[in-house]
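Chemist: Quick one: this structure, given as structure tokens, is what I'll be asking you about.
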Amino acid sequence: MSTPTLPLWPAPRVGARVRRHVSLPGSKSLTNRALILAALADGPSVVRRPLRSRDTTLMRAALEALGTGIEDDGQDWHVRPGVWTRDAEVDCGLAGTVMRFVPPVAGLATGSVSFDGDPHMRNRPVGPVLAALTALGIHVDDEGRGALPFTVRGSGRVPGGRVTIDASASSQFVSALLLAGARYDHGVDVRHVGKPVPSLPHIDMTVALLREHGVEVDDADANRWAVAPGSVRALDRVIEPDLSNAAPFLGLAAVTGSTVTVRDWPTRTTQPGDELRSILSLMGCEVALGDDGLTVTGPERLEGVDLDLHDVGELTPVIAALCALARGPSHLTGIAHIRAHETDRLAALTAELTRLGADVDEHDDGLTIRPASLHGGVFHTYADHRMAHAAVVVGAAVDGVLVEDVATTSKTFPDFADAWENLVRDEAVG
């Protein structure tokens, strides 16, 4: 599927149990939502301790292109809402949030806003969002592709109202409409039809943030989210650590019998990564949330699990890596939608884990992984940060794992490789 034409990085093997603390960068999901809401707000806002990565830099650049003022004081981003009166070009890179969240905002601009991104992004689904925007009164020119590249031609206002959408491919389709909906003349009333929406916790995150900004949201009925028209209140927001990025670090504890504490783990959160606590417990880890953070201690051998990961699909690569090192079979289901992430993650995990000796069967909506003896080799990442996370977890327990293009982790975690190497050496990270 891929050839090792990119740099190969030797994943450090953990030869003895370690006890470490790690500090994580901020949440990508929270940072990019916070930037959108600050750009739409009724006054200046501050996004404190944001994630600084490729995805969030692309979001910042997209909003600046539309007229938002964003100043960086080295710690925080100070956001001044834009006037939305210019033509612009938006580079989506490989950021699904930019491709899906910015077009509904661009509809409020007076001008033409063109969108494109990395070549693979032209394969990622966005058609339902574009169709919904058309139904809400925004002119979209995509030449019928329902994919990048496309142009949003804004008139300075959006009628809004009721719209029906099939969001079974991505919860971001719903969040995209909700985030901008309060600024539409009639708000937005989103009705989902189709198979269940994946990653519902991400929609819950969007709703919670909107309410904190003073936006009225009705989500009392299943598969319906209504945002009332009105202002978006400016506020200062501190970004939580990215709990999904905790997966490889806690996974290291799980596969080596080590103890890892992730600092500043929130006691209450809408982040799907919080599910790591229950998943790792099921696999036999000791898990404790205390004043110093979340602490995980791995067992002698991991247990296999049967898990429906529909709502936490982004955790699948690391969970699959753990399952490949477990002493019993595992079945991971409910994750057909991750075929349309940065890469087809089910096919990629099957190919790369099998390459290292794992016994993996790929299904339409998941994986079956049985115990097998793993060995070293090249683990391709497909420009997917989560695939790199899976690779380093395997490499912590298996000699000779070479990770192709570990730098792809910069999408959500700059300097990940250095942080990982520090973790397995004699000093703590953070």
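Chemist: Just checking, how many residues over segment 82-112 are buried (at least 20 other Cβ atoms within 10 Å of the Cβ) and either of a type outside the set (D, E, K, R) or free of Cβ contacts under 8 Å to residues at least 40 places away in the same chain (or both)?
Modeler: Result for segment 82-112: 21.
Chemist: Considering segment 367-386 alone, what residues qualify as being surrounded by fewer than 23 Cβ atoms within 10 Å (Cβ to Cβ) and either closer than 12 Å to residue 401 by Cβ or among the small types (Gly, Ala, Ser) (or both)?
Modeler: Of everything in segment 367-386, those that are surrounded by fewer than 23 Cβ atoms within 10 Å (Cβ to Cβ) and either closer than 12 Å to residue 401 by Cβ or among the small types (Gly, Ala, Ser) (or both) turn out to be 372, 373, 374, 375, 376, 377, 378, 383.
Chemist: Would you be able to say whether some residue in segment 250-262 is at pLDDT 95 or above and under 30 Å from residue 180 (Cβ atoms)?
Modeler: Filtering segment 250-262 for residues at pLDDT 95 or above gives 250-262.
Within this subset, residues satisfying the condition of being under 30 Å from residue 180 (Cβ atoms) are none.
No; the residues of segment 250-262 include none that is at pLDDT 95 or above and under 30 Å from residue 180 (Cβ atoms).
Chemist: Among 98, 90, which is the only one that is touching a strand residue (DSSP E or B) at 6+ places or on another chain (Cβ under 9 Å) and either part of a helix (DSSP H, G or I) or in the same structural domain as residue 384 (by TED's automatic domain parsing) (or both)?
Modeler: 98
Chemist: Sticking with this structure for a sec: Which residues, counting only those in segment 270-298, are among the hydroxyl-bearing types (Ser, Thr, Tyr), over 16 Å from residue 258 (Cα atoms) and at pLDDT 95 or above? Reasoning before the result, please.
Modeler: Looking only at segment 270-298, we keep the residues that are among the hydroxyl-bearing types (Ser, Thr, Tyr), and these are 270, 278, 281, 295, 297.
Those still in the list that are over 16 Å from residue 258 (Cα atoms) too: 270, 278.
Passing the criteria: only 278.
Chemist: Scan segment 64-79 residue by residue and report those that are buried (at least 17 other Cβ atoms within 10 Å of the Cβ) and within 18 Å of residue 237 (Cβ to Cβ).
Modeler: 68, 70, 76, 77, 79, listed by residue number.
Chemist: With segment 1-77 as the region, which strands (runs of 3 or more DSSP E) entirely inside it contain at least 2 residues that are without any contact (Cβ under 8 Å) to a residue 24 or more places away in the chain and either not assigned by TED's automatic domain parsing to the domain that holds residue 401 or not hydroxyl-bearing (Ser, Thr, Tyr) (or both)?
Modeler: 69-72
Chemist: Right, here's the next one. List the helices (runs of 4 or more DSSP H) inside segment 262-373, counting only whole elements, that have at least 1 residues being of a type in the set (A, V, I, L, M) and in contact with a Pro (Cβ under 9 Å, 6 or more places away or on another chain).
Modeler: Hits in segment 262-373: 316-324, 345-355.
Chemist: Which condition does residue 356 not pass, out of (1) farther than 27 Å from residue 119 by Cα; (2) in contact (Cβ under 8 Å) with a residue 60 or more places away in the chain; (3) surrounded by 21 or more Cβ atoms within 10 Å (Cβ to Cβ), if it passes all the others?
Modeler: (2)
Chemist: Which of the residues that make up segment 138-190 are touching a Gly at 6+ places or on another chain (Cβ under 9 Å) and among the basic types (Lys, Arg)?
Modeler: Within segment 138-190, 145, 153, 157, 183 qualify.
Chemist: Still on this structure, I have one more. Could you list, in sequence order, the residues of segment 193-221 that are surrounded by 14 or more Cβ atoms within 10 Å (Cβ to Cβ) and over 21 Å from the mean Cα position of the chain (by Cα)?
Modeler: 213, 214, 215, 217, 219, listed by residue number.
Chemist: Name the residue that is modelled with the highest pLDDT, counting only residues in segment 7-48 that are buried (at least 18 other Cβ atoms within 10 Å of the Cβ) and of a type in the set (D, E, K, R).
Modeler: Looking at residues that are buried (at least 18 other Cβ atoms within 10 Å of the Cβ) and of a type in the set (D, E, K, R), I get 33.
Chemist: From the list 390, 347, 397, pick out the single residue that is among the aliphatic types (A, V, I, L, M), surrounded by fewer than 23 Cβ atoms within 10 Å (Cβ to Cβ) and assigned by TED's automatic domain parsing to the domain that holds residue 416.
Modeler: After applying the criteria, what remains is 347.
Chemist: Among the residues of segment 111-140, write down those that are at negative phi and in a strand (DSSP E or B).
Modeler: Result: 112, 113, 114, 115, 116, 139, 140.
Chemist: Now for a separate question. What number goes with the only condition from (1) closer than 22 Å to residue 93 by Cα; (2) surrounded by fewer than 22 Cβ atoms within 10 Å (Cβ to Cβ) that residue 171 does not pass?
Modeler: The failed condition is (2).
Chemist: Please determine, by comparing only the residues of segment 222-232 that are surrounded by fewer than 17 Cβ atoms within 10 Å (Cβ to Cβ) and in contact with a strand residue (DSSP E or B) (Cβ under 9 Å, 6 or more places away or on another chain), which one is farthest from residue 39 (Cα to Cα).
Modeler: It comes out as 222.
Chemist: Among the residues of segment 51-63, is there at least one that is among the hydrophobic types (A, V, I, L, M, F, W, C), crowded, with 23+ Cβ neighbours inside 10 Å and more than 20 Å from residue 93 (Cα to Cα)?
Modeler: no
Chemist: Which numbered condition in (1) under 18 Å from residue 273 (Cβ atoms); (2) crowded, with 23+ Cβ neighbours inside 10 Å; (3) touching a Ser or Thr at 6+ places or on another chain (Cβ under 9 Å) is the only one that residue 293 fails?
Modeler: Residue 293 satisfies all of (1) under 18 Å from residue 273 (Cβ atoms); (2) crowded, with 23+ Cβ neighbours inside 10 Å; (3) touching a Ser or Thr at 6+ places or on another chain (Cβ under 9 Å) except (2).
The values are calculated or read from the model by the stated rules, or taken from the named source; none is laboratory data. Computed from a prediction, not measured in an experiment: that's the story for all the values here. So basically every Cβ, Gly included, is an ideal-geometry build from the backbone, and we count neighbours across all protein chains shown.
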